[in-house]
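Input: a single structure, listed below in structure tokens.
The values are calculated or read from the model by the stated rules, or taken from the named source; none is laboratory data. No experiment lies behind these values; they were computed from the predicted model shown. Glycine gets a Cβ as well: all are built from the backbone with ideal geometry, and neighbour counts include every protein chain shown. Note: accessible area is taken over every heavy atom of the protein model, side chains too, but ligands, DNA and RNA are not part of it. Shrake-Rupley method; radii C 1.70, N 1.55, O 1.52, S 1.80 Å.
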Amino acid sequence: MTLVQGGPNDHALPSRPNGTYYDLPQVKAAPFKSGAVGTYVFLAGLSGASALFSALLSRRRRRYGDSAIRRADALSMLAPTLGAGLLIYDLKTPQRFYNMLRIFRPSSPMSIGSWLLVGFGGAATAASAGEMLGRHMKLGWLRHLGACFRVPAALTGVGLATYTGSLFAATSTPRWAAAPKSLSVQFGASSVASAATALAFAEPRSDLRRSLDLVAGAALAVELAAAQSARRAYRAAGIQADGPMPIRDQLGTLLPLGLIAASAVCSPGPQRTLSRLACLAVLGGSLAMRIQTIEAGKSSAADPRVSLRLARRTHSAMRK
Amino acid sequence: MEVHQRARNYPESGFDAPIPDEAELTAQTRVRPGRSYGFFTDTTLCIGCKACEVACKEWNNLPADDLGLTGNSYDNTGALSAHTWRHVSFIEDNVRAEISRPFQSGWLMMSDVCKHCQTAPCVEACPTGALFHTEFRTVVVQQDICNGCGYCVPACPFGVVELSALDGKAHKCTLCYDRLKGGLEPACSKACPTDSIQFGEMEALEERALRRVRDLEARGIDDAYLYGVPGSPGAAGGIERLNAFFLLTAAPERFNLPVAPSRPSDRTMPSLAAGITAVAGLALAALFLFGRSDRT
Ligand code: SF4
């Protein structure tokens, strides 16, 4: 661009930095508190998958007894209590939290999730209360009544553990929108891994512990694969991906995977130690992954080149 | 432009009640529920006076955002926000270069606004039903219902709606819902001195806009196109049309507009299905592992 020489405005104007509008953000970042919402997403996953496990284990009650079921029940209570509290805390007008249940809007994962949380809260509470009260008060019928809620709790639990992926995917935030399927597979698998290792942590029976660890191992492998495919999508979209495999992912997936593999060949004593270490790594990694996903999404919204490029790509894909 | 016959009934200013169907006198349209209304913003007519921004702030009683200079040409508003529902962007295209054509033809100015999408991603995201399509097919946040969850903010593909820190609710252009109900045209289009912002019924507006493009072409301006009418840039990926659409003469990106906004809700089901499939697979594996005969 040739400028008029010698004039008072003889300097290059920042009129067209890279073809965007002064490099200003093109979409707005979500106003979520990353810590609170990330913790909720983690708890929703842990509780949802725990309810799934208590349903599965109640089918093998004769073999493994009741104690694992009761522990899973306790974990399933985290989302409807602490989790729901965190969600309300994140609202900017929290006294109107109940408006979430004013309508059901199937196009909105936020609405789907609100109803899932309510449904899950009811079913999981009924199932665990039936189990606990039936045992203490020696009321068989109460136990049976509670058992009726096992399957609904497990089904809504599966939803609760995965819908959070679509919650982020169904936005215009570039990093969340770039890999909608991988994101919820990653969230769902991480939820299963966290619940399985948490149950293994307190499990005295070595056979059940080994089985739970194997499930966790499989879930971690799925999570790893989903994370890799998400990273490919980010790179293709021009989103700054944090290296080929950031240390957080390694600590949260590869490390526990290694520990579980090593524990599989150990005798029950050291197996338990390794399994417990794996549990700590999985829980920490699972929480960190959620918070980091939110943070990274928010910062991806700041770069107009990314969101505009994503739109261009959709455009040419549609034209084909 | 001829003066509407009814205008003669109101020779004085200063009325004790609004003129019935005032929009007919100022925008040649009657506002009736059940029909679709919107804005046609013709950027070739914009002179960057910001009367729309002022009129909007005045009518809607919106607080000021940052007071200061951004250094980005005359744009000191920066962006649409919870408190700024009209935003005039300024682009200086070779204004001071030798190749500049005479008569300030290097200036690009555009009054940006909520697009009032049909169908609207913010409405599809809102879990409380606070965001809704009105009887005028505009998109409005009901202030007595919004609980400030903020999910509409990342849903909007145009970066329009925002939460206000002042009251913890989502805010954006209402296309002057209150004025429409009273038969008045929106404040910004009424204030626009060049008719760069035109208010009207969608069908008539789109027709008028197409005529304008053809007219400009005839005058030798061949890069004019519409953004946001069906089949054009801006109306893509399940967003059929924008009830606030634009006539542009530069790439949409120059104005921070996406060529092909996508509809976020299209990602809800595929994403949910993939996650549930993965968890169901792992559950089956767990069921199998729990049922294995003892090894140890
Ligand atoms: S531009 Fe954004 S805020 Fe306006 S209707 Fe469309 S999605 Fe909603």
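Some points to look at:
- The stretch between A:ASP66 and A:HIS144, if pulled fully straight at 0.36 nm per residue, gains 26.7 nm over its current Cα-Cα span.
- Virtual paramagnetic centre 7 Å along Cα→Cβ of B:GLN5, amide N under 20 Å, in the stretch B:32-56: none
- Nearest-ten-degree value, helix B:51-60 long axis tilted from longest Cα axis of chain B: 70
- Mean per-residue shielding of peptide B:68-74 is 2, counting Cβ atoms of other chains within 10 Å of each Cβ.
- When the stretch A:50-185 is described by a simple charge dipole with +1 on each Lys and Arg Cβ and -1 on each Asp and Glu Cβ, the residue from A:THR164, A:LEU86, A:MET100 located farthest towards its positive end is A:THR164.
- Net charge, A:SER34 excluded, C-beta distance under 12 Å - Lys, Arg +1, Asp, Glu -1: +1
- Taking every protein chain into account, the accessible area of chain A amounts to 40 square angstrom per residue (probe 1.4 Å).
- Average Cα contact separation per residue, chain A, under 8 Å, 6 or more apart, as relative contact order %: 23
- Simple spin-label estimate for B:ALA273 and A:ALA74 in nanometres, 7 Å along Cα-Cβ: 4.0
- Free of any trypsin sites (Lys or Arg not before Pro) that DSSP assigns to a loop and that have at most 15 other C-beta atoms within 10 Å, the longest stretch within chain B is B:36-218.
- Helical mean residue ellipticity (222 nm; -39500 (n - 2.57) per DSSP H run of 4+; nearest 500) of the protein assembly as shown: -15500 deg cm²/dmol
- For the stretch B:113-190, the dipole from Cβ point charges (+1 on Lys and Arg, -1 on Asp and Glu) about the Cα centre works out to 200 debye, to the nearest 20.
- A:SER229-B:ASN76 pseudo-label distance in nm [points 7 Å out on the Cα-to-Cβ vector]: 5.2
- Percent carbon-and-sulfur accessible area, the stretch A:174-315, ignoring ligands, DNA and RNA, probe 1.4 Å: 66
- Solvent-accessible area buried by pairing B with A, both sides, nearest 100 square angstrom, 1.4 angstrom probe: 6900
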